[in-house]
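Here the structure is laid out as structure tokens; the discussion comes afterwards.
We did not get these values from a lab; they are worked out from the coordinates using the rules stated. In this text the structure is predicted, and so the values were computed from the model without any measurement. Using ideal geometry, Cβ is built from the backbone for each residue, glycine included, and neighbour counts are taken over all protein chains shown.
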Amino acid sequence: MKTNSQGSRTFSASLDIDSRLWEHDLKASIAHARMLGRQKIIDTAQAETIIAGLLQIGEELALEMSKGVIKFNPEAEDLHSEIETRLFQKIGVAARMLHTARSRNDQVATDTRLYLLDEVHLLCDNLLDLKKELFQQAQLHLETILPGMTHLQHGQPVSLSHHLLAYFWMLDRDQQRLNDSIKRISSLPLGSAALAGTGFPIDRIQVQRELGFLKVSENSLDAVSDRDFVIEFLSHGSLIMTHLSRLAEELILWSTPEFGFVELGDEVTTGSSIMPQKKNPDVAELIRGRVGRVHGALMGSLTMMKGLPLSYNRDLQEDKVHLFAGLDTVGPCLRLMILMLQKCQWKPHRMRESLRKDFSNATDLADDLVEKGLSFREAHEVVGRLVQTCLSAGKGLEDLTLAELKATHILFNETTLAKIPHLQVMKARSSQGGTSPEAVRAQLQLAEMTLTL
Ligand code: ARG
């Protein structure tokens, strides 16, 4: 049986979580050591020995990494102590000088911010790629019509371009939010030491510049205990996942035989082990399902922070569990969504077919009467009755002859007839931001501007 002390050591250890910060930890330590040397806080030769040792550790870890996984000492409490031990083994007592004017509290906050900055840049690239994919497909389908829905009921026909661009704008906002968060992540905590700053004549600006941070933190208590940047990322990540999940849901629905609007690629579907006819949309379902991980991480990190007194508390070590759960989900889901869209085969014919006799052209008949002077209430009633008649005759509005129309209302005429086809209905919605090809072309121009910025 394990003793209590072993139990609590294992309980407190974080190496299995924070080991992935090694590159960023080394980078921050090198900048810190260089600053200590330049400021004559430690001997310049010592600083150089430390830097050389850290660089060597970096090379060794990179080599181990290329061969598979890095084997860290399982006894180490966290990554920071593990690297310090390795440094001691390599350069001896000089290693003991590195932690001058520093604490693991400002160190871990620095590492985490550095790591997140890299990841956020990658995610912005992923978002851009996904937007490009949606944009390219939207360029091809200005006249591909399908039922636009409210309440999952046919409302009015829209173009596939317009539908795809709706997701484009969601992701554009996500990209803007992530981009904007960079300026808040990029604030350097190092130099705050344990909580109150340090009496050593450090130069924080030097470290900031070397590490590429936009600024140094203003308050040491805040700097070591702030995890807003984790919560903010998880909040933006949650919204990205919500958007991906909505798109995934539509692809799942549209790939059913009932809809048949799309065929998903073999790369993102699986067969059933028992039903030979099946093509299951597993990847789309998993994207939808994994939303829970990110929303859960957001809740977890908000709850972790609530009620924490200043400044550092060990609770904060949990931040990385949540942050990495978010990062490990959002990136792969974005990349798989791109693949899924690339492999989609749209079925314009099925889309058009589903509009047959669906009465999604009814509004335009009412509008026609209104244009000719009738009140909208009256027009609504006339067309409502006409829909009923068509329903009992098993017809769609598009099946009506001119004579039948004229018999329904004296204001109906040839111009009415021209307005009934679904394609015409879609083309008529030319208001700014509407679904007509002309309006969508303008939308595509706006979209393109966000791709080249
Ligand atoms: N592993 C710790 C964390 O992730 C590092 C900081 C430890 N600081 C301390 N005072 N125990 O937060």
- So which trypsin sites (Lys or Arg not before Pro) in segment 23-59 end up in coil per DSSP with only 10 or fewer other C-beta atoms within 10 Å? 40
- Item | Inter-label distance for residue 399 and residue 221, nm, one decimal - labels placed 7 Å from Cα along Cα-to-Cβ | 7.7 nm
- Please work out the C-alpha center-to-center distance from segment 52-111 to segment 399-453 and express it in whole Å. 65 Å
- Note on the structure: Neighbours of residue 422 by Cβ distance under 9 Å: Lys/Arg at +1, Asp/Glu at -1, summed charge 0
- Task: Scan around residue 148 for amide H atoms under 5 Å from its own, H built in the peptide plane at 1.01 Å from N, and keep only partners 5 or more places away or cross-chain.
- Result: 155, 156, 158
- Site residue 194, offset 7 angstrom along Cα→Cβ, radius 19 Å on amide nitrogen, limited to segment 86-101, gives 96-101
- Message: With just the Cα atoms defining each centre, how far is segment 245-276 from segment 128-202? Give it in Å.
- Response: 25 Å
- What pairs in 278/343; 27/215; 372/395; 27/90; 343/427; 27/67 have C-alpha atoms more than 20 Å from each other? 372/395; 343/427; 27/67
- Under a 5 Å amide H to amide H cut-off, with H placed in plane at 1.01 Å, what residues pair with residue 188 once short-range neighbours are removed? 215, 216, 217
- Given only helices, namely DSSP H runs of n ≥ 4 each adding -39500 (n - 2.57), what is the per-residue ellipticity at 222 nm of the chain, to the nearest 500 deg cm²/dmol? -21000 deg cm²/dmol
- Answer rounded, prolate or oblate for segment 347-398, using the Cα gyration tensor with square roots of eigenvalues a ≥ b ≥ c: rounded when a/c is under 1.5, else prolate when a/b is larger than b/c, else oblate. oblate
- Message: What is the ratio of the Cα radius of gyration of segment 115-261 to 2.2 N^0.38 Å, with N the residue count, to two decimals?
- Response: 1.50
- Item | Total formal charge among the other residues, if their Cβ is under 14 angstrom from that of residue 144, Lys/Arg +1 and Asp/Glu -1 | +2
- For segment 308-442, rounded, prolate or oblate, judged on the Cα gyration tensor with a ≥ b ≥ c (square roots of eigenvalues), a/c < 1.5 rounded, else prolate if a/b > b/c? prolate
- Within the P(r) computed for segment 209-347, what percentage of the Cα pairs occupies the region above 26 Å? 42 percent
- Item | Formal net charge of residues neighbouring residue 220 (Cβ-Cβ distance under 13 Å; K, R +1; D, E -1) | -2
- Within segment 91-123, which residues have the backbone N less than 11 Å from the label spot 7 Å out from residue 23 along Cα→beta-carbon, could you tell me? 115, 118-119
- Give me the number: length gained by fully extending residue 328 to residue 302, i.e. 0.36 nm times residue separation minus the C-alpha to C-alpha distance, one decimal in nm. 7.5 nm
- Any GluC sites (Glu not before Pro) in segment 146-238 that lie in a DSSP loop and have at most 10 other Cβ atoms within 10 Å would be 218
- Averaged over all viewing directions, the convex hull of the alpha carbons in the chain casts a projected area in nm² of 30.6 nm²
- Message: Are there any trypsin sites (Lys or Arg not before Pro) in segment 306-390 that are in a DSSP loop and have at most 16 other Cβ atoms within 10 Å? List them by number.
- Response: 306, 343, 356, 357, 372
